[in-house]
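The next block holds one structure in the form of structure tokens; read it before the comments.
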Amino acid sequence: MAGWAWILSGAVILTVVGLIPNNFVPLMTSFALDDSLDVKPGAWDMSITTLTSGSLIPPDLLAKMPPEQRAKFEQSMQARSGKPMTHTSKGCVTQEDLDQDRMLKEQQEDGELQCTTQVVSRSSRKLVIERTCPAPRASTSQMAMETKTPETIVGSIDLTRAGSGKVHVDIKGRWLGASCAEIKDRD
């Protein structure tokens, strides 16, 4: 996954390995948007800190797990609950990513959940999105991304699963330079 989708989806998903499907990051409907976030293309260093609480898997899916697998999963979730996990990685954002607004459009590939998405506000400095997904993986989420300067970005994602699962994600990014030559996973 390249560009902004990597920053938002790839890094976040890696942080909460296997616990949150790709729909975690709000997906956008396909419409033309004039303002792209004011950031520089090139190599970016991203820090993603995730804090979870409650169960992120619906009870019906937990019930279908073999007892040993369910016990391991519940033990893992209990160990993580209330403790921040930070994942850092580097990615490449191209000018094409920015021009084509890939931060949003690449998320359209995850259409299985039929979520509704609303752009709450959007400018060259800030993007706020709300998303609601129906059962069986019912959830609501809000994402806010802000460019403090063209070389820094901060953001947060708050997701609430039906039942008791909650996730809070803090995102911090800094531009490393125009060249992506040393970034390995550039699709």
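The values are calculated or read from the model by the stated rules, or taken from the named source; none is laboratory data. Note that the coordinates shown come from a computational prediction; the quantities given were computed from them, not determined experimentally. Reconstructed Cβ throughout: ideal geometry from the backbone, glycine too, with neighbour counts over all protein chains shown.
Within the stretch 140-180, restricting attention to residues that are of a type outside the set (A, V, I, L, M, F, W, C), free of Cβ contacts under 8 Å to residues at least 24 places away in the same chain and more than 20 Å from Thr117 (Cβ to Cβ), the residue that is surrounded by the most Cβ atoms within 10 Å (Cβ to Cβ) is Thr152. Here Glu106 clears all of (1) modelled with pLDDT under 90; (2) of a type outside the set (A, V, I, L, M, F, W, C); (3) part of a strand (DSSP E or B); (4) in contact with a Gly (Cβ under 8 Å, 6 or more places away or on another chain) except the condition numbered (3). For the stretch 26-75, a tally of residues being closer than 18 Å to Arg161 by Cα and either in contact with a Pro (Cβ under 8 Å, 6 or more places away or on another chain) or at pLDDT 75 or above (or both) returns 12.
Rundown of residues vs (1) of a type in the set (S, T, N, Q); (2) in contact with a Ser or Thr (Cβ under 6 Å, 6 or more places away or on another chain); (3) outside any strand (DSSP E or B), yes/no style:
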| residue | (1), (2), (3) |
| --- | --- |
| Ser121 | yes, no, no |
| Thr132 | yes, yes, no |
| Pro136 | no, no, yes |
| Ser141 | yes, no, no |
| Val154 | no, no, no |
| Thr160 | yes, yes, no |
| Val167 | no, yes, no |
| Lys172 | no, yes, no |
| Ser179 | yes, no, yes |
